[in-house]
Amino acid sequence: MTTNTKTNISKRFIAVLFAGTSIASLSAFAGVNADEPPSPSEVWQLVQQQQQQISSLQAIIEKLQADQSLQLVQETPARAQKVKGPDAHQGTADVPGWQTTGGYSVEVGGFIRADYSVGDRHGDTQGDDSLGVSRAALATKFHKDNITGVLVLGTGNTTDLGGSFRGDVVLADAYVVWDRIAGSKFSLSAGAQPLLFGLKPNGFPVDRSLQGSLEYGAAGAFAVSNQLGPSIIGTYAFSDQWSLRAGLFDQRDGDDALGVGSDLSDNYFFQLRGTGLFETGLYGSIGYEKRYVATTGNAEPVIDIGIGYQNDTFDVSFEYISIDRALAQTLEDETFLIAETTWNATDTTSAYFDFARATEADINTYRIGMWRDISSIFRVTGEFALDKIRGNNAQSVDLHLTVSY
């Protein structure tokens, strides 16, 4: 019930009380014998007493209404719900929020990852280790009706000389979502956003493993599953299980000497995705992408096919990716083969093993790790990561402390 409704009801209640008052009722209210009518002065005194009581009642109602409004203003955001397991890939994680009186909601959340990594992956000049915050993000969502605005700021600061941010704050995502346009099954998003191309894609949070696998750029590979940038993307949900996602995007890549560069028509993708297929835990995707390459002046193809099965105990998936040699920067077209498995030992403890191979570049990556949720916002993860690059090894042991809010 709204505040205005409660105020109207209280005013009508008071009016009915006063309009229905008779001499007899006033006398009874004051304890006067109705068989002996009161004098005019006594009647006036009784009326004054009842008006004072009505005024007191109205003051109490108004105070309760004011207290209720204050409580709404002082409400704090609800605690963020953590995504169960690292396999729940998404562009921007759901964040907690509060409902405003204007009919819209504002949600704020994010994460901070403090980590220590030791191994020859980091090199002698770095003391074979790295300490700091690998990634941190602050996400804000504004939502009203079927329109959502998303803004994500990201940063990181580690002693690793190859760190991506070195304390700089970057605009990770900024885009608008027009959901279920005119009540249809079609949604549109535009701005700087993750493409979410691949079987298990992600945005700024990157891979599920602490050291990203090949599809997330390990050993300098082309990061198929972590493509970000200015784009216009449409999604059509055929059903709860099937959806088609297609988009156009642009790049800054160009060759000034040749006088050519990327435009919107050079870069596009589409991907069919299925989840919970045949009323089971089966899921999969198939996608095709064309991306402009400045060195060739042409749009070159990427093909991605993946399938997996998950339930409450485990998740197993396989993915095949074909990348044009100009994009992969190899002599022949590159092929990624990716296998990932997760075992959920309990509701709070899980272990995972990932393997990926780039056949043309002759690179194998291995990731084995375990995480435990200490609370609803705090997770501890340990991982051993090994990259075999044409006979040379790069390895590390990583420990992450993650807070999600």
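Bear in mind these aren't lab numbers, they're just calculated from the coordinates by the rules spelled out. From a predicted model like this one, the values you see are computed outputs, not experimental measurements. Cβ sites come from the backbone with ideal geometry, for glycine too, and all protein chains shown count toward neighbours.
Which of the chymotrypsin sites (Phe, Trp or Tyr not before Pro) found in segment 254-341 are in a DSSP loop and have at most 16 neighbouring Cβ atoms, other than their own, within 10 Å?
Those that pass, being in a loop and sparsely packed, are PHE278.
Can you compute the charge dipole magnitude of segment 297-345 about its Cα centre, using +1 on each Lys and Arg Cβ and -1 on each Asp and Glu Cβ, nothing else charged? Give it in debye, rounded to the nearest 20.
20 debye
Only loop residues by DSSP count here, and only those with at most 12 other Cβ atoms within 10 Å; note down the GluC sites (Glu not before Pro) in segment 301-404 that meet that.
GLU332
Please list, ordered by chain and number, the residues whose modelled amide H lies under 5 Å from the amide H of GLY281; skip anything fewer than 5 residues away on the same chain.
GLN310
Do any of LYS185/LYS290; LYS200/LYS290; LYS144/LYS185 go past 24 Å between their Cα atoms, and which?
Long pairs (Cα-Cα over 24 Å): LYS185/LYS290.
What nm value, rounded to one decimal, do you get for the distance between PHE318 and ILE181 when each label is placed 7 Å out toward the C-beta?
Each label point is offset 7 Å from its Cα along the Cβ direction, giving 3.9 nm.
Length gain on complete extension for the stretch ASN392 to ASN311, per 0.36 nm per residue less the alpha carbon to alpha carbon distance?
Gain on stretching ASN392 to ASN311: 25.5 nm.
Can you give me the distance in nm between label points at ASP124 and PHE355, each placed 7 Å from the Cα along the Cα-to-Cβ direction?
Spacing of the two 7 Å Cα→Cβ label points: 3.4 nm.
Place the peptides 197-205, 232-240 in order of packing, highest mean first, counting for every residue the other Cβ atoms within 10 Å and averaging per peptide.
Packing order, densest peptide first, comes out as 197-205, 232-240.
Rounded to the nearest Å, what's the spacing between the alpha carbon centres of segment 318-360 and segment 200-243? Just the number, please.
The two parts, judged by their Cα centres, are 12 Å apart.
What distance in nm separates the two pseudo spin-label positions at ILE374 and ALA246, each 7 Å out from Cα along the beta-carbon direction?
My value for the distance between the label points is 4.8 nm.
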